[in-house]
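A.B. asks: Have a look at the structure that comes next, please.
The values are calculated or read from the model by the stated rules, or taken from the named source; none is laboratory data. Everything numeric in this text was worked out from a predicted model, so none of it was measured. As a convention, Cβ positions derive from the backbone with ideal geometry for all residues, glycine included, and neighbour counts pool all protein chains shown.
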Amino acid sequence: MGAGPAALCITSELVQQGLNVQAIASRSPLEPWPNTYGIWASELESLNMQELLKYRWKDTVSFFGDGLNKKGNACTNHYLDYGLFNLNDFQEALLDRCNGLSWQIETVEKIDFSEKQTVVICSSGKKYLARLVIDASGHTTPFIKRPQNDEIAKQAAYGVVGKFSSPPVEKNRFVLMDFRPDHLDANQLREPPSFLYAMDLGDGSYFVEETSLACAPPVSFEALKTRLNARLSSKGIQVEEIIHEEHCLFPMNLPLPHRDQPLLAFGGSASMVHPASGYMVGSLLRRAPSLAREIAKVIKKDPFLPTSKIARRGWQNLWTTELVQRHRLYQFGLQRLMSFDESLLRSFFNTFFKLPKKDWYGYLTNTLPLPRLFIVMLKLFSIAPLKVRLGMLGLTKKKKEKT
C-alpha cells in the first residue's frame, strides 16, 4: 500500500524476490514526488547508487554563531559530500525494478485479517486478497497500531527554489545548518528555534529552507516563511523568482508500531524516520532488501503459514532488538534537544560536529552499532560545555514562550 519512496523501495525488492505482488495506492506511482530528498553521498556510494544524485557538494558547512548581535561567521566544515536526488531518475530506477507492475489506484477503507489471508477492502467496493499486506502509505496511516503519544513532535520546513537579488549561499556550497541569530531580536530568541538549510544549485538558482528541528505543536509554515524572509532581508537579499515552493511536515518521535500485529509496515508508517535527524531514504534503501528476502524466505518455505506469523517474522527483521534500542536512544536524545532554548541548541550542535567525522556521520545515518552509539553519546557528553551537559541531564528548563 502506497506509491512514495518507501512503497517503491519495498515493492521493487519484493518483486526482485520473485513474489506475486499487488500494489494499491490512492495516487499513481508515476506522479512526481513533491519534495526534495537529500542524503550524504557516501550512503549512496555504499549501495553503488551514487548516479541517482542530481546535485553533489563537497563544500558542506554549518554556522552556529556565538550570540545575539554578534556576527558568528566562523563555519564548521563537515568534509563529507552531500547530495540531492534526481527524483525522476530515483523514481524511474525503482519502478524499473518493479518489472512493469501496475498499481491499483484505490482508496483502502478497511483491512480484515484471518489466519490464512488478509482482505483489503477499497472504497470502490473491490476486494484484494493477500498472504501479507505491507502498509507503506506514510505516517498518517489509520491502519497501523502503535502506542498513544499525546505530544508528537514534528519537523517542519518551508523552502524556496528560486533566483535571488544576490547569492544566499556561496558558490558551490551546501549549508546543512545555519543557526546564526543575527537577524533575531530578544523576543524572537524565545520562540522555538529554527535554522537555514541551503545550497547553490548552479545556473543562478538556489534552494533555501527554514527548518524547525522538532516541536510540539509544530512551527507553522507561515511562521517559517516569515523567518526565512527576515533572515534573507537581514542580509539585503530578496527573492526575485520562485521556481518551486516546498512544505515539509513529518513526525520525529512517532512511537514504534506494535510488532505483534498482522499488518506489516515500512517507511514512515513503520516509524523509520530518524528521530535525531529526520532522514529516512538511506534507511529505506538499506533495510528493504533484507526485509524482502525474509518475507520471501518465509512464504516460499511454508505455503500454509498463518498471516500473523509471516508478519511477525517481518517485524522481527525490520525492527531487530538492536535497532529498537538504538531508536529509543535517539528518541531520548530528541526529547532532551526539544527542551533546549535557541542558545543552548546552537551550543549543542557546535559541540556535536566536533566529534570525529565517522562518529557524527554514523549518528546521523543510524549506522553505528549499539555499543559504539553508547560510546559516542558518552564522548559527546564529555566534551560538551557545562550548560549543555546540564541540558542533557534535564537540569535546565527551556525559557517560556511569550503568548
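A.B. asks: Is it true that residue 77 is modelled with pLDDT under 95, farther than 28 Å from residue 161 by Cα, in the same structural domain as residue 198 (by TED's automatic domain parsing) and out of contact with any helix residue (DSSP H, G or I) (no Cβ under 9 Å at 6 or more places or on another chain)?
C.D. replies: Spelling it out, it is not the case that residue 77 is modelled with pLDDT under 95, farther than 28 Å from residue 161 by Cα, in the same structural domain as residue 198 (by TED's automatic domain parsing) and out of contact with any helix residue (DSSP H, G or I) (no Cβ under 9 Å at 6 or more places or on another chain).
A.B. asks: Also: Which of (1) farther than 22 Å from residue 280 by Cβ; (2) modelled with pLDDT under 95 does residue 337 not meet, given it meets every other one?
C.D. replies: For residue 337, the exception is condition (1).
A quick yes/no check of all residues on (1) out of contact with any helix residue (DSSP H, G or I) (no Cβ under 9 Å at 6 or more places or on another chain); (2) modelled with pLDDT of 95 or more; (3) aromatic (Phe, Trp, Tyr); (4) more than 24 Å from residue 254 (Cα to Cα):
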{"position": "290", "(1), (2), (3), (4)": "no, yes, no, no"}
{"position": "343", "(1), (2), (3), (4)": "no, no, no, yes"}
{"position": "356", "(1), (2), (3), (4)": "no, yes, no, yes"}
{"position": "369", "(1), (2), (3), (4)": "no, yes, no, no"}
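A.B. asks: For region 345-393, give me each residue that is among the basic types (Lys, Arg) and in contact with a Gly (Cβ under 9 Å, 6 or more places away or on another chain).
C.D. replies: If the condition is that a residue be among the basic types (Lys, Arg) and in contact with a Gly (Cβ under 9 Å, 6 or more places away or on another chain), then 346, 372 are the ones that fit.
A.B. asks: Can you name the condition, by its number, that residue 243 falls short on among (1) out of contact with any Gly (no Cβ under 9 Å at 6 or more places or on another chain); (2) more than 26 Å from residue 145 (Cβ to Cβ)?
C.D. replies: (1)
A.B. asks: Quickly run through region 104-163 and pick out the residues that are under 30 Å from residue 228 (Cβ atoms) and assigned to a strand (DSSP E or B).
C.D. replies: Of everything in region 104-163, those that are under 30 Å from residue 228 (Cβ atoms) and assigned to a strand (DSSP E or B) turn out to be 154, 155, 156, 157, 158, 159, 160, 161, 162, 163.
Here's the yes/no breakdown for (1) of a type in the set (A, V, I, L, M, F, W, C); (2) without any contact (Cβ under 8 Å) to a residue 40 or more places away in the chain; (3) assigned to a strand (DSSP E or B):
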{"position": "3", "(1), (2), (3)": "yes, no, no"}
{"position": "10", "(1), (2), (3)": "yes, no, no"}
{"position": "34", "(1), (2), (3)": "no, no, no"}
{"position": "39", "(1), (2), (3)": "yes, no, yes"}
{"position": "42", "(1), (2), (3)": "no, no, no"}
{"position": "61", "(1), (2), (3)": "yes, no, yes"}
{"position": "89", "(1), (2), (3)": "no, yes, no"}
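A.B. asks: Within region 96-143, work out how many residues are surrounded by 19 or more Cβ atoms within 10 Å (Cβ to Cβ) and within 14 Å of residue 11 (Cβ to Cβ).
C.D. replies: Qualifying residue count for the region: 8.
A.B. asks: So, in region 361-380, exactly how many residues are among the basic types (Lys, Arg) and at positive phi?
C.D. replies: So the answer is 0.
A.B. asks: Now for a different question. Condition first: surrounded by 15 or more Cβ atoms within 10 Å (Cβ to Cβ) and part of a loop (DSSP other than H, G, I, E, B). Now tell me which residues in region 15-25 satisfy that.
C.D. replies: 17, 19, 21, 22
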